[in-house]
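The values are calculated or read from the model by the stated rules, or taken from the named source; none is laboratory data. The shown structure was predicted, so the numbers you read here are calculated from the model rather than taken from an experiment. As a convention, Cβ positions derive from the backbone with ideal geometry for all residues, glycine included, and neighbour counts pool all protein chains shown.
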Amino acid sequence: MSEYETHVKPLYDRDGNLHGVLLSPEIWAKAGKKISEILDQAQGKTDSEIHQEPIEDWNMFKDYWDFKYPFNPKVTCKACGAETENWEEDNPRIFHLSNASLSGLLVFHCEKCGGTVRKKHFKDHICFEATTHTGESCEPECIYPE
Ligand SMILES: [Zn+2]
């Protein structure tokens, strides 16, 4: 039996029709997360549903906007340089939203490098901060909108 056959077993019913595929606990532990994502995509779920982004919190953040400058959907990762001009329109996502708080903090996971991006909103400026997937902090970048 090959390595593959010990982990991935097709199951047939008595008529010889494929009934399903059984995965070993070992391979599921290694690849289950990725496989679940692929299965979710195959079922037509959106990227946002698969990653269970807190979209309601994001919308609330926008609805209660009271900063001096207009809302700006740009996200940039200081760890690897990944960037989007409009986070809401990305498909597939470059960044996954993990937290949105009315205090002005948006937290994203960077798909490109695995880092964490924090977009902090202050009264008159925005700061992007990032930590790499190994936990190192990057130089923050602050923007002062007009
Ligand atoms: Zn990145």
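At least 3 residues being without any contact (Cβ under 8 Å) to a residue 40 or more places away in the chain is the threshold, and among the helices (runs of 4 or more DSSP H) wholly inside the range 1-78 those reaching it are 3-7, 25-42, 55-63.
Which residue is surrounded by the most Cβ atoms within 10 Å (Cβ to Cβ), if the candidates are limited to the range 95-146 and must be in contact (Cβ under 8 Å) with a residue 12 or more places away in the chain and of a type in the set (S, T, N, Q)? This residue is THR116.
Per-residue answers, yes or no, for (1) farther than 30 Å from LEU23 by Cβ; (2) over 15 Å from the mean Cα position of the chain (by Cα):
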{"site": "LYS45", "(1), (2)": "no, no"}
{"site": "GLU53", "(1), (2)": "no, no"}
{"site": "ASN59", "(1), (2)": "yes, yes"}
{"site": "PRO73", "(1), (2)": "yes, yes"}
{"site": "THR76", "(1), (2)": "yes, no"}
{"site": "PHE122", "(1), (2)": "yes, yes"}
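Only one entry in ASN91, ASN99 is part of a loop (DSSP other than H, G, I, E, B), more than 16 Å from the ligand (Cβ to nearest atom) and touching a helix residue (DSSP H, G or I) at 6+ places or on another chain (Cβ under 9 Å), namely ASN91. Counting only strands (runs of 3 or more DSSP E) that sit completely within the range 105-146, those holding 1 or more residues that are assigned by TED's automatic domain parsing to the domain that holds ILE55 and over 21 Å from PRO70 (Cα atoms) correspond to 105-110, 116-121, 126-131. When we screen TYR69, TYR64 for residues that are exposed (fewer than 14 other Cβ atoms within 10 Å of the Cβ) and out of contact with any Lys or Arg (no Cβ under 6 Å at 6 or more places or on another chain), the only hit is TYR64.
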